[in-house]
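Readers should treat all values here as calculations from the given coordinates under stated rules, not as data from a laboratory. These numbers were taken from a predicted model, which means no experiment stands behind them. Cβ sites come from the backbone with ideal geometry, for glycine too, and all protein chains shown count toward neighbours.
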Amino acid sequence: MDLSVVIPIYNEEANIHALYHRLRGVLAPMQVAYELIFINDGSRDRSLELIRELAAHDPQVRYADFSRNFGHQIAVTAGLDVSGGEAVVIIDADLQDPPELIPALYAKLQEGYEVVYAKRRTRQGESAAKLLTAKLFYRLLASITHISIPVDTGDFRIVSRKVVAALRQMPEQNKFIRGQISWIGYRQTYLEYDRAERAGGATGYTYSKMIRLALDGITGFSDAPLKAATLSGFLVSGVAFLVMLYTLYARFISGDYQPGWASLMISILFLGGVQLIAVGIIGEYIARLSANVRQRPLYIISDTNVGGVHPPPHAA
Ligand code: UDP
Ligand code: MG
């Protein structure tokens, strides 16, 4: 197998056919042995039915159906787990990532790279809020991590079998695949493309999912928030100490003091706020620690037509 294409699917009934035909149109002339791997991440629409129909007619279509929605990053992980290709493409199902870029990604990989990621030159059809938060997030992340995670880059990319093998050795439960791939190293490069609008259907990335992904990226690749909590603790203590000196001075030396509840309220609220923020930051890390200690399987597959390590298919 030369090439696997991993496609996470969450409520994509409007896009699956168009995606399949565009992928076929691009891959057939490439003269490579390929497979399309659809991971159905607990879709509530007819996505699974459509995928099964494709699989029934086309032996190059593999799929796995999750027992529920586990999330985009886990779906991609499962796709990498079952993939058999020497090169693996990760692509969104909504045609925002153009399949037509795959031959160029593949050609670049053959030049001796292990990762070729696709960098968004422009982005269409996204809300101003999403564009701004994404832009800020990638820059914040780049500034607080030691590894260089490319900015304005999603998971659309091609990776070699070596990289897939390395990813499979990384046991973290909270996946941030683009960060993990940067961490792995090897020779990496990129191609630029213009990101299209979603072809049909609606985004499966709610704000809460985006925030979780952002926190997974930050906590997985940086201790800067913990250090910031410590630093703000020191700063606040320093200020508190000065105020304490002044209070003693006012009470015993100048005698110029008021029974002031204002200063009391302010210092209590401020200290309380800083403490809660610090505890919250620590909590984010502890939540991820405990997720890793539990060592649950990352996903449960209820049906698949991929043989091997995974549970055999139910009667389809
Ligand atoms: N997706 C998924 N599980 C989810 C949410 C999304 O597998 O819980 C898939 C989705 O079907 C698509 C890809 O992840 O193939 C990217 O999602 P989406 O296009 O909704 O995100 P956006 O482009 O809006 O950031
Ligand atoms: Mg999308």
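The three principal axes of the C-alpha atoms in the chain carry coordinate ranges of 90, 42, 36 Å, sorted with the longest axis first. In the neighborhood of Ile181, defined by Cβ-to-Cβ distances under 10 Å, what is the net charge if each Lys or Arg adds +1 and each Asp or Glu adds -1? Around Ile181, the charge tally is 0. Largest GNM mean-square fluctuation across Tyr190, Tyr207, Tyr257, computed for the chain with C-alpha springs under 10 Å, falls on Tyr257.
Largest mean-square fluctuation among Leu50, Leu269, Leu191, in a Gaussian network model of the chain whose springs join Cα atoms under 10 Å apart, belongs to Leu269.
By other beta-carbon atoms within 10 Å, ranking Thr219, Thr206, Thr230 with the fewest at the front produces Thr206, Thr230, Thr219. Checked against a 28 Å cut-off, the cross-linked pairs Lys135/Lys162; Lys119/Lys209; Lys108/Lys227; Lys130/Lys162; Lys108/Lys209; Lys135/Lys175 give Cα-Cα distances beyond that limit for Lys135/Lys162; Lys108/Lys227; Lys130/Lys162; Lys108/Lys209.
Which residue fluctuates most in the GNM of the chain (Cα springs below 10 Å): Ser237, Ser67, Ser302? Checking each option, the largest mean-square fluctuation is seen for Ser237. Reported to the nearest whole Å, the Cα centre-to-centre distance from segment 153-217 to segment 23-93 is 16. The residues neighbouring Arg288, those whose beta-carbon lies less than 9 Å from its own, together hold a net charge of -3 under the Lys/Arg +1, Asp/Glu -1 convention.
Looking at the P(r) of segment 223-294, how many percent of alpha-carbon pairs lie beyond 17 Å?
Details: 1468 of 2556 pairs.
When every Cα pair of segment 223-294 is considered, 57 percent fall beyond 17 Å.
In terms of surrounding Cβ atoms within a 10 Å radius of their Cβ, Asp58, Asp216, Asp97 rank from fewest to most as Asp58, Asp216, Asp97.
The ranking of Ser232, Ser83, Ser182 from fewest to most other beta carbons within 10 Å of each one's beta carbon is Ser232, Ser182, Ser83.
As I understand it, the value is the acute angle between the Cα axis of helix 72-82 and the longest principal axis of the Cα atoms of the chain; what does it come to in degrees, rounded to 10? Once rounded, the angle reads 40 degrees. Rounded to 0.05, the FRET efficiency of the Glu192 and Phe270 pair, given R0 = 51 Å and the Cβ-Cβ distance, is 0.65.
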